[in-house]
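Working notes for the structure below.
The values are calculated or read from the model by the stated rules, or taken from the named source; none is laboratory data. Remember, predicted model here, so these are calculated numbers, not experimental data. Counting neighbours? That spans all protein chains shown, and the Cβs are built from the backbone with ideal geometry, glycine included. To get the accessible areas, we keep the full protein, side chains included, count just its heavy atoms, and leave off ligands, DNA and RNA. Shrake-Rupley method; radii C 1.70, N 1.55, O 1.52, S 1.80 Å.
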Amino acid sequence: MLDFFKNLSLIKRIAIGIVIGALLGVFVPQWTFIAVLGDLFVGALRAIAPILVFVLILASVAKHQTGTKTFIKPIIALYLFTTLLAGVIAVIASFIFPLEITLQQVSEMQAAPQALSEVVNAILTNIVQNPIQAMSEGNYLALLFWAALIGFALRNRRQQTKDLADDLSTAITHVVQLIIAVAPFGILGLVYQSVATTGIQGLAQYGQLLLLLVGTMLVVDLIAYPLVAFFLIRQNPYPLVFFCLKESAIPAFFTRSSAANIPINMMLAKHLGLSEESYSISLPLGATINMGGAAVTISIMTLAAVHTLGIEVNIGLAIVLCILSALSACGASGIAGGSLLLIPLACSLFGIPNEIAMQVVGVGFIIGVIQDSVETAVNSSNDLFFTAVAELADLRKKGKDLKLKERLAN
């Protein structure tokens, strides 16, 4: 039996863990010690991810040779464009399917940012945070900044120093592989905890809203993003889409953390044969600014409040909301509570008072067990997807064979 389990692919072992975790959650919800497996797994990933990102970027920049091609600019452009596109689709979906929600008072809620300038200021301040503190808190913008600076400083050092940095990055990568190998047990614990403590009763009242949120995210992920990819690579993008969904979105769904999914995306990017000098920077950056799922959440939740209050929305305000939700979403990772606590910022565009807006945030937390999971899966899996698309698009422009099937089959 043990040999059979060991011979299965990781994704099949994870599927078995999901089934067992769900069954245990239904039949023995009192066995709370099982949830510790999930806590340990997510904790280990969150702990190693900042170290992995810092060391990989430092080593990658230090050994970079002048003239070596990287794809950071087109990847960032894709991140920003598709986040805006997701916001536009969410606004359209909200007007096609206008929903009203039952608002309820929520006490002791964390203060939300009142202006976009607060979000921007927080992002800029985070960039220059102490690197040791940034590593302990998982501040990836600061880690990117300091690792790149130190890497540039190491370019003119002795080769032995560069080799040491490279060996350290290889060692940390092996540690990550060991942690990922126990993912089936970690996800078993996460599924158990979700089923045992939440169930579906708390979601029933807001089923339509949840359906609109998840449905819109699926349209973005399965239709809009593949169309963008097809335009760039001129090949059927769905094999790559389904690879990213299966290998990256599933772990991200259960960990509910883009940061915790960075090590998994790093391993998958290496599997696809992508440039380490690109993905070592683009993947942690994507966990910060590639927030299409967050843009969907901000737009739909805001317009649900607008429809509930009977506020008229003209085309100008709708366009501004698309832009505001996209810009706010890019700062969601820097705000405690993520996309939900940026809803009051978008609500202020329509003159909705903060007291009512925070009630909308409360509704978001009620459905958050599903909403946040799907949002994270969309965001994190597409960090990998667009990193791959940008590199493949460059190969197509040069007339080279993309070898997409071979990359996915490796």
Using the Cα atoms of region 345-410, I'd like the radius of gyration and the largest Cα-Cα distance, Dmax, both in angstrom.
20.3, 57
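May I ask for the net charge around LEU384, where only other residues with Cβ less than 14 Å from the Cβ of LEU384 are counted and Lys, Arg are +1 while Asp, Glu are -1? Kindly include the intermediate steps, with their values, before the conclusion.
Details: positive: LYS246, LYS270, ARG407; negative: ASP221, GLU247, GLU276, ASP383, GLU391.
Spelling it out: positives minus negatives among the neighbours equals -2.
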State log₁₀ I(q)/I(0) for region 261-319 at q = 0.20, 0.23 Å⁻¹ as given by the Debye formula over alpha-carbon point scatterers of equal weight, solvent excluded.
-0.76, -0.90
What accessible area per residue, rounded to a whole number of Å², is obtained for region 231-324 using a probe radius of 1.4 Å?
31 Å²
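Lys and Arg at +1, Asp and Glu at -1: add these up for the other residues within a Cβ distance under 15 Å of LEU52 and post the number. Intermediate results must be reported in sequence, preceding the final value.
Details: positive: ARG46, LYS270; negative: ASP166, ASP167, GLU276, ASP383.
Surrounding charge for LEU52 is -2.
If the chain between PHE81 and GLU406 were fully stretched, how many nm would it gain, using 0.36 nm times the residue separation less the Cα-Cα distance?
114.1 nm
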Work out, step by step, the length gained on full extension between ILE132 and ILE92: first 0.36 nm times the residue separation, then minus their alpha carbon distance; give nm to one decimal.
10.1 nm
How much length is gained if the chain between THR32 and LEU349 is pulled fully straight, taking 0.36 nm per residue apart and subtracting their Cα-Cα distance, in nm to one decimal?
109.7 nm
Below 10 angstrom from the Cβ of THR297, what's the summed charge of the other residues (Lys, Arg +1; Asp, Glu -1)?
-2
